[in-house]
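To start, the structure itself, in structure tokens.
Any read-out appearing in this document is the output of simple, stated calculations on the displayed coordinates, not a laboratory observation. Fair warning: this is a prediction, and the values are worked out from it, not measured in the lab. Here the Cβ positions follow ideal geometry from the backbone for every residue, glycine too, while neighbour counts run over all protein chains shown.
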Amino acid sequence: MSSSAQLLQHPVLRSLRRALRDTQIESSPLLLALSGGPDSSALVGGMALLQRRGLAGLIRVAHVHHHQRPEADEEAALALQTAESLELPAQVLHLEAQPGATPAALRKQRYEALAIEAVRCNADAVLTGHHADDQLETVLLALVRGAGPNGLAGMPSSRTLRDDVRLVRPLLAAPRSACVDLCDRLEIAYCQDPTNTDPTTARGRLRRDVLPVLEAMRPAIATRVAAIAPTVGAAATALSALLPRPSDGIWNRTQLARLPHAVTLAALHAAACELCEADSLSSPAISELADAVGDARMHQRVFEVGGGVEFVLEASTLRVSRSSCDRA
């Protein structure tokens, strides 16, 4: 095991210290989400080391047990064992999900449970172990879906979870390999979720078929993309401030037509995304609509852009809504 002084220079510890400082939670009570995998185990191990050196406030650990997989009981037991070995208080949050619940539904349920636990134990933030490789996968999947600028910015390092509880992802700058390395150095046992490499899922196929090729083409690509993601996020925020918003779902067509085509396109995409998921949208259809806004044809036209969203273009207005068929 490396000395604690040496470990403070480890990529995971550097990421933790920077994130705690940037989000101003260095002395705040925190709740750490521990799945039992190497990423969240590195998070908990690193935070425990910072706390022992007086560089972090009170921390507690929570493991969410969905009772969805045969190995879930072992993962819960390992999470408690890890917390105990680091002398951290821990709690298993037992949830009963609906049969066949989607990953998105489970994630939402998990965050809700963590937020409730954070309020119960007076924690200011919930910390998760999402790392640079997760960020790369998120950006690539957003690109495949045809997401807008916000989607291409990946996961934010911090966002509001509920009321006065934040969700913080302090390891987005650190690669998965660094998390594994820190666990090995701290002699923390961890498990691997078999669904993470399931090729029938989008992320599993990315990890098996795509990421090794990208890594071979551009070593350390995950940390490169993770480093630029905040800049993309800032650009997306700036662009969002420029976008004209519809009033009660209606734009003035003339004003919209005077904007640069790219801004019009972004405005239409953003409005559609407020009514459906980005991956349901047809980018060619939205592009065709953006072209039509500036043409000379004045008769009414209806554009179905996917996800049950329609735009009705008339001589002086453009209206966006759920399609009449979808409403019925």
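Dividing the alpha-carbon radius of gyration of the stretch 133-248 by the rule-of-thumb value 2.2 N^0.38 Å gives 1.25.
Peptides 144-154, 294-304 ranked from most to least packed give 144-154, 294-304, packing being the mean of other C-beta atoms within 10 angstrom over each peptide's residues. Restricting the calculation to Cα atoms, the stretch 1-82 yields a radius of gyration followed by a Dmax of 13.8, 40 Å.
Of the residues Ala241, Ala83, Ala271, the one that moves most in a GNM of the chain with alpha-carbon contacts below 10 Å is Ala241.
If you run the Gaussian network model on the chain, springs between alpha carbon atoms under 10 Å, then out of Ala238, Ala76, Ala62 the most flexible one is Ala238.
Based on DSSP H segments of at least four residues, each scored -39500 (n - 2.57), the chain has a per-residue ellipticity at 222 nm of -14500 deg cm²/dmol.
Taking every Cα-Cα distance in the stretch 243-327 and sorting them into 10 Å bins starting at zero, the pair-distance distribution P(r) comes out as 19, 59, 22, 0 percent. Three semi-axes describe the equivalent ellipsoid of the chain; taken as square roots of 5 times the Cα gyration tensor eigenvalues and ordered largest first, they are 42, 21, 19 Å. In plain terms, if you count all Cα to Cα distances in the stretch 26-181 and split them into 5 Å steps from zero, the share in each step is 2, 9, 17, 21, 22, 17, 9, 3, 1, 0 percent.
Amide H contacts under 5 Å for Val64: Leu34, Leu93, restricted to partners 5 or more places along the chain or on a different chain, H placed in the peptide plane at 1.01 Å from N.
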